[in-house]
Amino acid sequence: MSDPAIPARASVSAAGMRVVQLLAGKPPQTIFDLIKSTGLTRTAITEQLNDLVALGFVERTSQRVSGRGRPRHLFSLTTAALVLLFAGNQRLVVPAIWGAIEEVGGSELVNRVLDRVSSILAGHYQRNISGKKPRERLKQLARLLREEGVLLQVEETKDGSLVVHKRNCPFISMYDESGAVCAVDLQMMKQVVGADVVRTTCRHDGSPCCTFAIVSINGRGK
């Protein structure tokens, strides 16, 4: 399986990554500052900055200058860019945390932590969900996840069941062989939807995406 840290980084060109690295840990920079640092043309720097702003890795603000001239634009990194720079490290740190928890308290403590993390995440979404029935809540959760950048579709099957196809995952760089993060994701969904949810396929098992379905028991999934 390919390194899950690669796709996010690969969405930024080598020239774009150079700009990201130049902005890291510095006060907001102007285009002129970046031209001096890179030796590139204004057109090249502007194109890179526009791409990085569109990707959410660079923030552009305006600053008024004395006189009647146009305000100058300042560029700084977003938190997403800082995460991008160290995406590979997340694959090391998060599994190490789960391993340390298990060493300290065994599987019982791991399960307690998983339940607590799932509950905290569920609370984050439940504040914005008003549906009374599981299918309504699932559709509202899907909308909230899309707003956060998750690519997913909700499909209604012929028997009336709802199936969620999750094409990307915000926790992908945190995956470890124990599947702890996957368990958090599933538990969170169960708590928010208010019904039993099962994962029917998983990308870590070779499927193109993760798929979830509401289990209908005595009509509860309806």
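A few comments on the model shown:
- When you filter the trypsin sites (Lys or Arg not before Pro) in region 73-142 for DSSP loop state and at most 10 other Cβ atoms inside 10 Å of their Cβ, you are left with 127, 132.
- Comparing 128, 168, 111 in a Gaussian network model of the chain where C-alpha atoms under 10 Å apart are linked, the largest mean-square fluctuation is found at 128.
- Sorted largest first, the principal axis extents computed over the alpha-carbon atoms of region 68-136 equal 66, 40, 17 Å.
- When +1 charges are put on Lys and Arg Cβ atoms and -1 charges on Asp and Glu Cβ atoms, the dipole computed for region 63-213 relative to its Cα centre reaches about 1180 debye.
- For region 70-76, backbone phi angles converted through the Karplus equation (6.51, -1.76, 1.60; θ = phi - 60°) give residue-by-residue couplings of 5, x, 8, 8, 10, 10, 9 Hz, Gly and Pro being listed as x.
- Averaging the Cα positions of each part gives two centres, and for region 162-212 and region 71-111 these lie 19 Å apart.
- For region 6-85, dividing the convex hull volume of the Cα atoms by the residue count gives 90 Å³ per residue.
- Amide H within-cut-off set for residue 210, under 5 Å, with H built and near neighbours excluded: 166, 203
- Square roots of 5 times each gyration tensor eigenvalue, C-alpha, the chain, largest first, Å: 40, 22, 16
- Share of alpha-carbon pairs per 10 Å distance bin for region 97-221, given as whole %: 12, 43, 33, 10, 1
- Adding -39500 (n - 2.57) for every DSSP H run of four residues or longer, then dividing by how many residues the chain holds, sets the calculated 222 nm ellipticity at -16500 deg cm²/dmol.
- Positive dipole terminus of region 87-214, leading residue within 95, 191, 140 (C-beta point charges): 140
- Over region 114-158, the fraction of Cα-Cα pairs per 10 Å bin, rounded to whole percents and listed from the shortest bin up, is 25, 50, 23, 2.
- Charge context of residue 62, other residues only, Cβ under 10 angstrom, K/R +1, D/E -1: +4
- Across the chain, the longest piece that holds none of the GluC sites (Glu not before Pro) lying in DSSP loops with up to 10 other C-beta atoms within 10 Å covers 1-147.
Bear in mind these aren't lab numbers, they're just calculated from the coordinates by the rules spelled out. Everything numeric in this text was worked out from a predicted model, so none of it was measured. Here the Cβ is made from the backbone with ideal geometry for all residues, glycine too, and neighbour counts use every protein chain on show.
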